[in-house]
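Asks: Here you go, one structure.
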Ligand SMILES: Nc1ncnc2c1ncn2[C@@H]1O[C@H](COP(=O)(O)OP(=O)(O)O)[C@@H](O)[C@H]1O
Ligand SMILES: [Mg+2]
């Protein structure tokens, strides 16, 4: 299981002992940063692919994303009979517009709901929803997780906690009838990554996404620009289709306010199907691909 990112002998025994035969529907994986959520999610994906023909993976961490560029969430379906990760089936993407849920929780909820709807339409039998590490009550983590649970109605919540950092969140959930809470301790081998490692991971993900990009001229009066056409140099934007899914991202390289045009650096080569241009809350350097908040 090389794609897991850990060696087979590093798979914790509580993971291996999990009985997944009765597990289906939406599964949400929660926990603080670096407790092994994404590793566990990939492990679940592999195992569930051997049970169900239609498994979906919803990468809901727009900061340390695994399936797409930072600032987005991606839903990917496993191809039939194929447990390869990243999944090789159909994909949908939604733009959160920032690399942290703090200050963007409505977008986080909207994107997750939209992608989950795509999974339902694709008749996924199980959806593995990996999430961000924002769980601190003081930063809105509990409100975010509870709102997500209320809206997305996961059948199972897999909770990974080191100390008691999920206590406040889990206490009421354990008493709820329609959700099963399964708790794990992180593997001692799970490694903490500091801010610079996280930043470098994002830059690498952006760099990979923008390979084979070129300049695309956009007359913005032809589209709905959300929230408003206030373009900034190097601002990250998304080109969205009529259903709100991301066609592609772009970095603003030139702005012509008289003719109301921008030049985007983007892997998208034509504007067919574009309905909305959505402006993100971050700037991405088109050479280094490092990001910084718009309002720093
Ligand atoms: N069971 C494990 N054994 C060894 N290393 C692990 C295990 N779980 C996670 N890791 C490592 O710890 C780091 C953080 O794990 P990750 O799954 O990305 O955490 P999270 O998604 O919660 O931030 C990664 O480098 C990962 O390879
Ligand atoms: Mg993760």
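Asks: Can you find a residue that is assigned by TED's automatic domain parsing to the domain that holds residue 179, in contact (Cβ under 8 Å) with a residue 12 or more places away in the chain and within 11 Å of ligand 1 (Cβ to nearest atom) anywhere in region 16-29?
Replies: Among the residues of region 16-29, at least one is assigned by TED's automatic domain parsing to the domain that holds residue 179, in contact (Cβ under 8 Å) with a residue 12 or more places away in the chain and within 11 Å of ligand 1 (Cβ to nearest atom), which makes the answer yes.
Asks: Which residue, of 147, 228, 203, 159, is closer than 16 Å to residue 251 by Cα and modelled with pLDDT of 95 or more?
Replies: Matching residue, one of 147, 228, 203, 159: 203.
Asks: In region 1-44, what residues are modelled with pLDDT of 95 or more, in a loop (DSSP other than H, G, I, E, B) and touching a helix residue (DSSP H, G or I) at 6+ places or on another chain (Cβ under 6 Å)?
Replies: Within region 1-44, 20 is the sole residue that qualifies.
Asks: Separate question: Considering (1) away from ligand 1 (no atom under 14 Å from the Cβ); (2) out of contact with any helix residue (DSSP H, G or I) (no Cβ under 8 Å at 6 or more places or on another chain); (3) closer than 26 Å to residue 210 by Cβ, say which one residue 123 fails and leave the rest.
Replies: (3)
Asks: Hey, does region 12-25 have a residue that's within 16 Å of ligand 2 (Cβ to nearest atom) and within 15 Å of residue 182 (Cα to Cα)?
Replies: Within region 12-25 (the criterion being within 16 Å of ligand 2 (Cβ to nearest atom) and within 15 Å of residue 182 (Cα to Cα)), the answer is yes, since at least one residue qualifies.
Asks: What number of residues within region 283-296 are in contact (Cβ under 8 Å) with a residue 40 or more places away in the chain and not in a strand (DSSP E or B)? Walk me through it before giving the result.
Replies: To start, the set of residues in region 283-296 that are in contact (Cβ under 8 Å) with a residue 40 or more places away in the chain comprises 283-286, 288-291, 293-294.
If we keep only those that are not in a strand (DSSP E or B) too, we end up with 285-286, 288-290, 294.
Qualifying residue count, region 283-296: 6.
Asks: May I pose another question? Somewhere in region 59-73, is a residue within 15 Å of ligand 2 (Cβ to nearest atom), closer than 17 Å to residue 191 by Cα and crowded, with 23+ Cβ neighbours inside 10 Å?
Replies: Yes; the residues of region 59-73 include at least one that is within 15 Å of ligand 2 (Cβ to nearest atom), closer than 17 Å to residue 191 by Cα and crowded, with 23+ Cβ neighbours inside 10 Å.
Asks: For region 142-161, give me each residue that is touching a residue at least 40 places away in the same chain (Cβ under 8 Å) and surrounded by fewer than 15 Cβ atoms within 10 Å (Cβ to Cβ). Talk me through it step by step, then tell me what you get.
Replies: Within region 142-161, the subset touching a residue at least 40 places away in the same chain (Cβ under 8 Å) is 144-145, 147-149, 151-161.
151, 153, listed by residue number.
The values are calculated or read from the model by the stated rules, or taken from the named source; none is laboratory data. Since the model is a prediction, treat every value here as computed from it, not as a measurement. Every residue, glycine as well, gets a Cβ built from its backbone with ideal geometry; the counts of neighbours run over all protein chains shown.
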